[in-house]
Amino acid sequence: MTKRYDYIIVGAGIAGFKAAETIRRYDDEGSLLLINGEDRLPYKRTRIDKSLYKGFNMNQFALADAEFYENRQITLLKDIVTSLDLKTKSLQTERRNQFSWNKLILTLGGKPKWPEIKGNGKRNIYLVRTADEAEELIRASRNAEKVVIGGGGVQGIELAEQFVKAGKQVTLVHNGIQLMNRHFDNQLSQHLHGILEKNGVTVICNEKVNGISKTSNDKYLVKIGEIIQIVADLVVFSIGTKPEITLAQQVGLATNRGILVNEYLQTSHPDVFAAGDVAEHPGGHISGLWHDAEWQGMLAGSNASGNKQINKKKPFRLKMEVFDQYYFSMNAPINNSTYQPETIRVNDRFYQAYFHNDRLIGLLMLNDKAQSKLAEQAVLENWKKSEFLKVFGK
């Protein structure tokens, strides 16, 4: 028997959670099903990488407790959707549940990219996206002494810190010429590079892991570039994610790299919306930032419930805390030579402020966590240069 819901949300990350919460803000009567493909309450995924050393409990990072869903009459189902049917507006799940919907929101997120490597050890690498995968990595790393991490983005760097805290010897390999090259300029990247090395991480940039071979003593010979070889006990990759578009492709929704959506987060089917890391916006934009996924979930929930809102382009911040350093990047045009930043140094604090027509358009910051919310506000409100320097130049 097929059970009907007014709204079904597939995926319970921050975009799915916010979509459900927002629907209830505008429609407190429509039936609502949130399908969660994991073994625990929806949680803040960004906390997982930061918690490998100490570990975490099943629902330690839950976005809300069970009562939150009960009080709002949100049916939370632990299951995995296996197929969709746009003609009948229905879906089937792994546990043989069948549901139909009036409005469907796909918040399927992304899946880790698998590295292109050779060797008989490539099946033994670890990729981390979910809490369950993180728990598996914790178990696998207990007896490891030497760890190789492929990827110099936020997750790779946070994992490096966690393994150092656990007493491991860590080598971090990044195929870019500098760490965090999508979000940091050369100065901030070099500072991060130095902090990692100061804390014992061997950093290798402008190279990539080409091969992994299992040795006779159950270790791994890791080939980096054409010359470097390292013996390791554990190899982890974090080289980005790609949108999980399999379901959308199977059912014929328009896709490219992600599920194509318009300014209202609608897909090629008017009653199907997509939000978060799975959505590709006009112009080809796919965010990958947690706060952007949160924002998109709110918009998708609002539009699905009839309260139409356009997705106006706005910047979102990226923050990272490693080895007692606080890094902040927001809308900084680091690869555009048109914009020359204003550099400000105050004790151990550092700012690279980008202005256009005397207005702040982007910011890089180091070690001013206390004013990070104000810094975010300054970018969003395009403060005047004099106003910014008055507040942050002290």
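Computed from the coordinates by the stated procedures, all read-outs in this text should not be read as laboratory data. Small disclaimer: the values here were computed from a predicted structure and weren't measured. In this analysis, Cβ positions are derived from the backbone assuming ideal geometry, glycine residues included, and neighbour counts consider all displayed protein chains.
Across segment 114-237, the fraction of Cα-Cα pairs farther apart than 19 Å, rounded to a whole number, is 45%.
Remark: segment 114-237 carries a charge dipole of roughly 280 debye about the Cα centre, counting +1 on each Lys and Arg Cβ and -1 on each Asp and Glu Cβ.
Pairs over the 22 Å Cα-Cα cut-off, from the set LYS214/LYS242; LYS208/LYS369; LYS44/LYS78; LYS18/LYS313; LYS44/LYS242; LYS44/LYS319: LYS214/LYS242; LYS208/LYS369.
In terms of surrounding Cβ atoms within a 10 Å radius of their Cβ, ASP368, ASP358, ASP277 rank from fewest to most as ASP358, ASP368, ASP277.
Annotation: the residues SER216, SER305, sorted from fewest to most other C-beta atoms within 10 Å of their own C-beta, follow the order SER216, SER305. Phi angles across segment 260-265 convert, under the Karplus curve 6.51 cos²θ - 1.76 cosθ + 1.60 with θ = phi - 60°, into 3J(HN,Hα) values of 6, 10, 9, 5, 9, 6 Hz, Gly and Pro given as x. Based on the convex hull around the alpha carbon atoms, segment 324-392 presents an average projected area of 4.4 nm². For the chain, DSSP calls about 55 percent of its internal beta bridges antiparallel. A cut-off of 5 Å between modelled amide H atoms, ignoring neighbours fewer than 5 places along the same chain, links GLY119 with ILE212.
Computed packing ranks the peptides 136-146, 119-129 as 119-129, 136-146, most packed first, by mean other Cβ atoms within 10 Å. Diagonalising the gyration tensor over the Cα atoms of segment 174-274 and scaling each eigenvalue by 5 before taking the square root yields semi-axes of 38, 22, 10 Å, largest first.
If R0 is taken as 30 Å, the Cβ-Cβ distance between ILE228 and LYS54 corresponds to a FRET efficiency of 0.40. The alpha carbons of segment 226-299 give a radius of gyration and a Dmax of 16.6, 54 Å, in that order. Charged side chains reduced to their Cβ positions (Lys and Arg at +1, Asp and Glu at -1) give the chain a dipole of some 300 debye around its Cα centre.
Rg/Rh for the chain (Cα atoms only, Rh after Kirkwood) is 0.99.
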